[in-house]
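Shown next, in structure tokens, is the structure this report addresses.
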Amino acid sequence: MDQDFDAGFSGEEYDTDEDCASEDDGIEVAQADAADAESSPSSDCQVLAPEQLSTELNKIAAETSAIVGLSPQLCRIALHHLRWSKEILLEKYYENESPQQFFKKFDRDFPLDLNYVVQALPPRSGTCLICYDQKMLTGLSCGHLYCLACWHSYLSTRFHEYPDPFVLCPEPKCKQVVGDEIAMKLLTNEADKRFYQRVLINSFVECNKLLKWCPAPNCDKVIKVSHPECRAVTCDCECTFCFKCSNEWHEPIDCELLSKWIKKCSDDSETSNWLNANTKDCPKCHVTIEKDGGCNHMTYCPKCHVTIEKDGGCNHMTCRSQTCRFEFCWTCLGPWQPHGSGWYACNRFDDKAAKDARSQQENSRAALQRYLHYYNRFANHQNSLKFENRLMEQIKIKVDQMQAQSFSWIETQFLIKSVQVLNKCRRTLMYTYAFAFYLQPNNITSIFEDNQRDLELATEQLSEVLEREINPESDDLVVLKQKVQDKCHYVDTRRQVLLKHCQEGLERNQWIFRTAG
């Protein structure tokens, strides 16, 4: 373990700039393919616990100490200021005539004793220099004494406000460093001690290009890779994210364009986005319809105008009015029948309005409508993902019902995997609309839109089967399994085709991206 971990921790991995960078029964389901980048981490990707990182940084400090003759504590202080690079520390250290000159560059006091360890003075009674109460006091070798409550308050506040693990004595103008070992003794509650350990380890992680914290809430694991790049990595908590930008995995769009897209979607200048995303005009009378709570699940039937509630991820809507029963697409409000035919075009943006624009106002309106075309579809798939998280819970209930009917656990797992495939396809579709927003139209983009259309249609078909057609009490398991697996295999194939085409376009420089917008 240690040998694998140590490999790759050389000085070249650290930022040297002034600013630190920030089980299976053979069910043939395509989504279980380990070749998917986001479904299984690469062999060179490790998930590390904080304890492993703490051991590693202490090891680096001990190795440095053995070379320069400074105490490991002083070496940790110096390594922190030099991005935890042992090689850079050795280079800088031997450029100076004395250890005092070396530490002076960090604006820190350096003791004459090379083996010095920052320690607290023995407690004694006196007046605290912060609260001015008569208490038992302690301090560092600088002689500035404070009560334990003030020490804890000072250190806790500093570590929460300024994530520097090596702070100075509270006395103004005093350059004495509070070492990590004494800081752990002066902090009086376990929560603050754990937070401080995180601050210390974070100074090591943030300055190493091969390490990245898992962004999942309440997860304290770190991912280590052999090459820092835009790639999907998966933590033990099952969170899959982009190693480069720490956002959820966003293929096919790259990190830079995704950053621009996120900013654009959250920009105050796009206030009209909310109005367009959360309201729709009746296709007949054009009265504005607001969806319930802005959660993208209310509209009116385009034929009879009865209120429709969207309560799942599938976009195939059917009016519940017994006199209507009109089937339509939630996204475009058009009849659903064309969405299963060869001229399905719900995913395409008609650029005619933009071509016919004659004035600046018309151009601005066309630009806004173009943006909203892609934003609404991005947001629609995003909301469908939320519904399909609930779908997973419903599928688990159906799995339990099937197991209660004497089916084995293995025999029912195809349903769980099918929802996982559906989630992947939704997420991919979501980001294809952000990707498409920045694309300049050319002959290749029409192929992309065809692939996007095929994936979207296949995704909706799978979603409809999982939401509406599974009845554990009446379904023939063999028939159901074959049907679901066939659709899973097809939809995942379409997803891979789309992503492969996007990647090939990047490698061949066939994509031309808009710089504005």
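FYI, it's all coordinate maths here, none of it is from the lab. What you see is a predicted model; the values in this text were computed from it and never measured. Every residue, glycine as well, gets a Cβ built from its backbone with ideal geometry; the counts of neighbours run over all protein chains shown.
Packing-wise, with mean Cβ within 10 Å as the measure, how do 491-498, 57-64 rank, highest first?
Details: 491-498: 21.0, 57-64: 17.9.
Descending mean neighbour count gives 491-498, 57-64.
So if R0 is 22 Å, what FRET efficiency would Thr157 and Ser246 give, r being the distance between their Cβ atoms, rounded to the nearest 0.05?
Details: r = 27 Å, r/R0 = 1.23.
E(calc), rounded to 0.05, equals 0.20.
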Fill in: Pairs of Lys in the stretch 65-211 closer than 18 Å at Cα, counting only those 8 or more apart or on different chains
10
Response to the item:
The relative contact order of the stretch 416-517, taking Cα pairs under 8 Å that sit 6 or more residues apart, comes to a percentage of 47
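Which links in Lys224/Lys244; Lys224/Lys424; Lys386/Lys487; Lys59/Lys224; Lys417/Lys483; Lys417/Lys487 stretch past 19 Å when you go from one Cα to the other? Numbers along the way, then the final one.
Values: Lys224/Lys244 12 Å; Lys224/Lys424 24 Å; Lys386/Lys487 21 Å; Lys59/Lys224 17 Å; Lys417/Lys483 14 Å; Lys417/Lys487 12 Å.
Result: Lys224/Lys424; Lys386/Lys487 exceed 19 Å.
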